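Structure record follows, encoded as structure tokens.
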Amino acid sequence: MTGIAVSTTINGDTIEYLCQPDETLLDVLRDRLGLTGAKEGCGTGDCGACSVIVDDRLVCSCLVLGAEAEGRRIETVEGMAHGDQLHTLQQKFLEHAALQCGICTPGFLIAAKDLLAKNPDPSEEEIRFGLAGNLCRCTGYDKIVRAVQDAAHVMKGA
Amino acid sequence: MRYIRPLSIEDAVGQLAGSAGMAAILAGGSDLLVRMKGGFVEPDLIIDIKSIAGLGEIRETAEGFSIGAAVPCAVLGENAALKKAWPGVVEAAKLIGSKQVQGRCTIVGNLCNASPAADSVPALVAAGARAVVAGPSGKRTIPVEAVPTAPGRTSLAKGEIIEAILLDSQAPHSGDAYLRFIPRTEMDIAVVSAGVNLTIDAAGVITAARVALGAAAPTVLLVAEAAEALIGRKLDEAALERLAKVCAGACRPIDDKRGTIEFRRKVAGVLARRAATTAYARAGGK
Amino acid sequence: MNFDPRFSGRKFTSVGTRPVRPDGVDKVTGRARYGADFNMAGQLVGRVLRSPHAHAVIRKIDTSKAEKLSGVKAVITAKDLPDLTDGDAAMYDILDNCMARTKALYDGHAVAAVAAIDARTARQALKLIEVDYEILPHVTDVDEAMQHHAPLINDTIFTEGLEQKPVKPSNVTKRSQFGHGDVHQGFGHADFIVERSFKTEQTHQGYIEPHACVASVSSDGTAELWVCTQGHFVYRQHCAQLLGMEASKLRVTSSEIGGGFGGKTHVWAEPVALALSRKAGRPVKLVMTRDEVFRASGPTSATSIDVKIGARKDGTITAAEATLRYTCGPYAGSWAEIGAMTAFACYRLDNVKTVGYEVLVNRPKTAAYRAPSAPMAAFAVESAVDELAKELGMDPVEFRIKNAAQEGTRSSYGPVYGPIGIGPTLEAVKNHAHMKAPLKKNQGRGMACGFWFNFGGQTCVDLNIGMDGSVSLAVGTVDVGGSRASLSLVAAEELGIDYSQLKAIVADTSSLGYNDMTDGSRGTFSSSMATISAARNAIKILRERAAQMWDIPVDDVVWEHGHAVAKGDKHGNLGKLSLKEIAAKSGTTGGPIAGHSELVADGAGVSFATHICDIEVDPETGAARVIRYTVVQDAGKAVHPTYVEGQYQGGAAQGIGWALNEEYIYGKDGRLQNAGFLDYRIPVCSDLPMIDTQILEIPNPNHPYGVRGVGETSIVPPLAAIANAVSNAAGVRMTHIPMSPPRILAAIEAEREG
Amino acid sequence: MVEVTLWGALSQLAGGKSKVEVEAKDIRELFRKLAEQYPGFEPWIDRGIAVAIDGVIYRDTWGKKLPPGAEIFLLPRLAGG
């Protein structure tokens, strides 16, 4: 088995790395690049904790090979804030206490960002179905949905 | 283990045919990577087909639509023409996994994974879809229902790749629909499912119909008797009753962690009824 | 230490507000470090080999091929974790569960482990370990395991708690009994009696973060452990004991924790990681896969419960009886005992009897799950209570109010209650708008009550005041859901300063005295008590320093709103000294200012909740959907109300999952068939409505601010509330949890066919 | 002298008595005297027994005073989640 050289863009930066053919993008982000914001909750695409955006598509990074990132544009939770200015979603998650343990939070933020990019004015039902790929075991989702609603409201006004 | 990214279907077929050990096709990866993670497969060669020209596109042809093998299901939902012509097929494709999985999974992958519970397959079968198979000896086109032969098995020979799914233009006064049953509202594998495609005449009498059931047998079931129960009738209560009964009777399900034989039989009938009602309305029937 | 924990009825400035949590920004930016987010230089990858058999003798393990594989640095079996438990049966069970010694007792039981340079090598090494198993007959069902002919899981166990010591070993490890009065006589006075049997399936806490740790053992006998846990001090004790180390030489740091709910109160992988590191001489990172979490951590009990309740025509319950059988996995536990204690705790009963049986099965060792054992008992009891109300023709809320326990009632588990909140939660539910909202076709409403004990325990807190006047608070209870925010509010309240001047952290085991874990709803209850005590100790020093600065007697200095104030006419011109001003001079008034506290926070007080739920059932498919949900619970005092609501909502959501879809499914071969989030179906966002909450504040007399534990009680009522709602929606009484669509449809069909 | 109510398992070790009288000022003395009177209690005390004094449950505060006339109940020491 030999390493595959990959050149990609992560949160706007050009990044080059070597990876093995069976390494997932999640493995690469966490173990090779130190970007541990994406979490492995299941490794099988069932929990959404590893959500990232690849070329404007929301995906589970555990279901993407590191080798597939060649030439792509990847967004992770580490790229959501601008300097010390939090993204509106991040701010609203804090204000609404939309996190308890916080392990699912990076995945929810990325999924919510993708949701609002495609549907800036979602109904509660659209939010719930749009975020159905992200499991949260602490909150019962109530405060997460409210945070996304509030963020959508603020972002529309901006 | 090797990972390659061929640029032509011929190259992919050649690599696949010539591979010594186990070779796997990678499009969306939502089944392959899960199997690799679980240690169920350890391919010697991964052939990523996403760089092959045309495989990532939905083309409108004279006959209808050609959906490339690397088109993610999310893209099906974004194609207005396809959605208009085959809403049932698109609904089915959009039910696979989460938004995250939608961004990756493909209907060809769903078909080749050969799970009896695959969501898009009953809808494709009801729609009369065909698969374009590229192989070492050229190309052939086969009905979708001829692809899976048993759970996890397909009729594809060594070196063969499905490069596209063909859907004819929908006939006038026709409609299709797909419904599945899952315990939650999202994220589950179908416990049982039904796809219905039908055409009506001016009087609302059904002139053609195809009914397919998923997770009801080792492979997708195209239930001819269910179509017969509809053809020549309006979709009245008697026809629906007959359809439900025939579908329940046609099932050969199993008891497993997702459902019981009893449950699958009953709900197959219920879903066929409901899907037929939607398809009929889409066809313009009242 | 003279700390007075009694409720003082003070007015609050900080407590009861809703600021952003101190660990929040790290958690929304991906910077917070959880169990698997930490690495050490030279670290190896640990992997565990697990039994595929439910019950098997381990005849021989040959690790030689794995050891020879290039890149493998250590392979261990039970031989590398020798028995140092010295007759401590509970610790021996923990050891055997970490690494099977003579028998594999469940599908997923660890039998060997490797440490290698990377994950791929470790995986290959596992395949090279040869285990020679002699497969034994197994049993996974609770009722089957109690039969005489059932396969024996441990032939040294004889049922405890029987009148006569049994002559034969059994899978029933213990019988326990609670109650008072004479139930036989009580049933004799009843006009109506409901008697039913119930079953609940095994569920998992389902935390999204798998167990993870990094262990590093040095050749000098010191070690470090980074781990996600609900109690790093307890993990230190257990690991040190199992590895023969001195506790003070093992420094355990708790990472941010990605959910626990009781599931991270128990060591599994940590002693294995330490043993691997000791053998390899390098740090070892061990992260469970999701499959391993389901197969080999600690799910809840599966149960089988019989309930009998009788009442007079006027609605007075005359007698109540229950027999509760709970699985423990393959090791002795006290899970049915808790069920037996909690079952009827909501009611005022003259005649009550509960009997619990602890049952061994070939399933993973049962661990606590949020108010452990109470939800199943409440499901059975509250279902029967609802049915009885129906037979009496009484409103289910009124029937419960009539029979609810109150101050002075002898509880079903023994002691007489002090002031309690069951009555107020029922009254609140009775008057709640939800109870009056109209229902549509195929919809039904259900309600149910729940009880939980709540605990306190050993607690230690350090409060340090910096020279700039900012305050750092070091606590030893792991923050599972926002307790750093609530404890900062408490410290701010007591010191009279602003929340923003504080920073709370969870200290490691070498930096603070022993703390019990965050379980039993104790995190905020006990650490807030210690925080108040520490703050008061610091205030004493602040007053002394102010007295020095003013050169007056310390008795003339009082602490008011964050300032030292000189009292009496003599010092009228002295003004005030702020905490910041006193801190700035601390270097020359006696050095650093700190407040320390160590205490046992007992007197947590019991907790009650009542839930309301609307369900819509599809009569053709048996699908049940939650339409509306309301939680009413007593918090004593909600320190940070938003996080209290969060606990209520989270517990309700977990209960909804348990009620409708979550269950361990074993095949005939005793193997777990759904060890993943695909087929172990926890609720997704689109499954749930908003979950309304109503916080009642009935002060706990044994806490200075009146705080009660709030974390667990919310999972107790949902199973029953949903079962009652399904019953009202579909006209069928559901007796088997989860009420999955096939079970509901089968019940509807059976009812139709009469 | 306080009257102490035992739960089932302890009651068996005390020869079937559900209530026993003990001269004790606090929980520590209570446990010591109980262990003297009923040696079978010792392993239970080691494993942990909770004491309810007038309905309030104490698990570790062995210095807690036992007020005269108080209702004293021994209970199994439980775990939470």
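Projecting the Cα positions of D:GLY15, D:TRP62, D:PHE31 onto the charge dipole of the stretch D:2-63 (unit charges on Cβ atoms of Lys, Arg, Asp and Glu, taken about the Cα centre) puts D:GLY15 furthest along the positive direction.
Computed from the C-beta positions of C:ASP83 and C:GLU160 and an R0 of 22 Å, the FRET efficiency is 0.45 to the nearest 0.05. Treating each Cα of the stretch A:4-79 as an identical point scatterer and summing with the Debye formula, the log10 of I(q)/I(0) at q = 0.13, 0.27 Å⁻¹ comes to -0.30, -1.45. Computing FRET efficiency as 1/(1 + (r/R0)^6) for C:LYS127 and A:ASP84, where r is the C-beta to C-beta distance and R0 is 45 Å, gives about 0.40. The magnitude of the dipole of chain C, with charges of +1 and -1 set on the Cβ of Lys/Arg and Asp/Glu and taken from the Cα centre, is near 1100 debye. Taking Cβ atoms as reference points and 12 Å as the exclusive limit, the residues near B:ALA12 contribute a net charge of -3, counting Lys and Arg as +1 and Asp and Glu as -1. Spacing of the modelled spin labels on C:LYS503 and C:ASP220, each 7 Å from Cα toward Cβ, amounts to 2.9 nm. For the stretch D:2-63, the relative contact order is 26 percent, taking Cα pairs closer than 8 Å that sit 6 or more residues apart in sequence and dividing their mean separation by the residue count. What net charge is computed for the residues neighbouring A:GLY133, neighbours being all others with C-beta under 10 Å from the C-beta of A:GLY133, Lys and Arg scored +1, Asp and Glu -1? Overall, the nearby charge balance is -1.
Summing Lys and Arg as +1 and Asp and Glu as -1 over all other residues whose Cβ lies under 13 Å from the Cβ of C:ALA428 gives a net charge of -2. For the stretch B:195-286, the set of GluC sites (Glu not before Pro) satisfying both a DSSP loop assignment and a count of at most 13 other C-beta atoms within 10 Å is empty. In loop segments of the stretch D:1-66 as defined by DSSP, the trypsin sites (Lys or Arg not before Pro) with at most 15 further C-beta atoms inside 10 Å of their C-beta are D:LYS17, D:LYS25.
Loop-located trypsin sites (Lys or Arg not before Pro) across the stretch B:94-177 with a Cβ neighbour count of 11 or fewer within 10 Å are B:LYS158, with loop assigned by DSSP. Each Lys and Arg Cβ is given +1 and each Asp and Glu Cβ -1; about its Cα centre, the stretch A:4-79 then shows a dipole of about 120 debye. Distance from the alpha carbon centroid of the stretch C:469-512 to that of the stretch C:13-71 works out to 26 angstrom.
Estimated purely from DSSP H runs of n ≥ 4, each contributing -39500 (n - 2.57), the mean residue ellipticity at 222 nm for the protein assembly as shown is -8500 deg cm²/dmol once divided by its residues.
With a Förster radius of 25 Å applied to the C-beta separation of D:GLN12 and C:SER197, the computed FRET efficiency comes to 0.35.
Full extension of the chain between C:GLU134 and C:GLU407 yields a length gain of 92.5 nm, computed as 0.36 nm times the residue separation minus the alpha carbon distance.
Of all the stretches in chain C, which is the longest one without any exposed loop site, taking GluC sites (Glu not before Pro) in a DSSP loop (any state but H, G, I, E, B) with at most 12 other Cβ atoms within 10 Å? Maximal segment without exposed cleavage sites: C:408-752. When C:TRP452, D:TRP44 are arranged by Cβ crowding within 10 Å, least crowded first, meaning fewest neighbours, the order is D:TRP44, C:TRP452. Only beta bridges with both residues in chain C are counted; by DSSP, about 75 percent of them are antiparallel. Each distinct pair of alpha carbons in the stretch C:197-349 adds a 1/r term; the inverse of their mean, the Kirkwood radius, is 18.1 Å. Direction-averaged projected area, Cα convex hull, the stretch B:190-281: 5.1 nm², rounded to one decimal. Take every pair of alpha-carbon atoms less than 8 Å apart whose residues are at least six positions apart; their mean separation over the length of the stretch A:88-157 yields a relative contact order of 52 percent.
Place a point 7 Å from Cα of C:LYS576 in the direction of its Cβ. Which residues in the stretch C:469-505 have their backbone N less than 19 Å from it? Inside the label zone: C:469-471, C:491-502. Remark: A:CYS19, B:CYS247 ranked as A:CYS19, B:CYS247, counting other beta-carbon atoms within 10 Å and listing the fewest first. In summary, the convex hull built on the alpha carbon positions of the stretch C:92-151 has an orientation-averaged projected area of 5.7 nm². Which helices, taking whole DSSP H runs in chain B, have alpha carbons extending 27 angstrom or more along the helix axis plus mean Kyte-Doolittle at least -0.5? For chain B, where a helix must reach 27 Å along its axis and average at least -0.5, the hits are B:261-282.
Per residue of peptide C:57-68, the mean number of Cβ atoms on other chains within 10 Å of the residue Cβ is 0. Residue-normalised convex hull volume from the C-alpha trace of chain A: 105 Å³ per residue. Computed on chain C, the Cα convex hull volume stands at 176 Å³ per residue. Diffusion coefficient of the stretch A:88-157 by Stokes-Einstein, Kirkwood radius over Cα pairs, 25 °C, 0.890 mPa s: 211 µm²/s.
Comparing B:ALA248, B:ALA212, B:ALA27 along the charge dipole axis of chain B, the residue lying farthest to the positive side is B:ALA248, per the Cβ-charge model.
Fewest neighbouring Cβ atoms within 10 Å first, the residues A:ARG32, C:ARG370 line up as A:ARG32, C:ARG370. A simple charge model with +1 on the Cβ of Lys and Arg, -1 on the Cβ of Asp and Glu and nothing else charged puts the dipole of the protein assembly as shown at about 640 debye relative to its Cα centre. If you count Lys pairs in the stretch C:511-667 whose Cα atoms are under 27 Å apart, skipping same-chain pairs closer than 8 places in sequence, the total is 12.
Partner shielding of C:584-590 amounts to 0, given as the average count of beta-carbon atoms from other chains within 10 Å of each residue beta-carbon.
Here's the picture: charge each Lys and Arg Cβ at +1 and each Asp and Glu Cβ at -1 in the protein assembly as shown, and of C:HIS266, C:LEU502, C:HIS596 the one pushed furthest to the positive end of that dipole is C:HIS266.
The alpha-carbon atoms of the stretch D:2-63, seen along their principal axes, cover 27, 21, 20 angstrom, with the largest extent given first. The per residue volume of the convex hull around the alpha-carbon atoms of the protein assembly as shown is 189 Å³.
For the stretch A:4-79, DSSP calls about 90 percent of its internal beta bridges antiparallel.
Values quoted throughout were computed directly from the atomic coordinates according to the rules given, and no laboratory measurement underlies them. Everything numeric in this text was worked out from a predicted model, so none of it was measured. We place every Cβ from the backbone using ideal geometry, glycine too, and count neighbours over all the protein chains shown.
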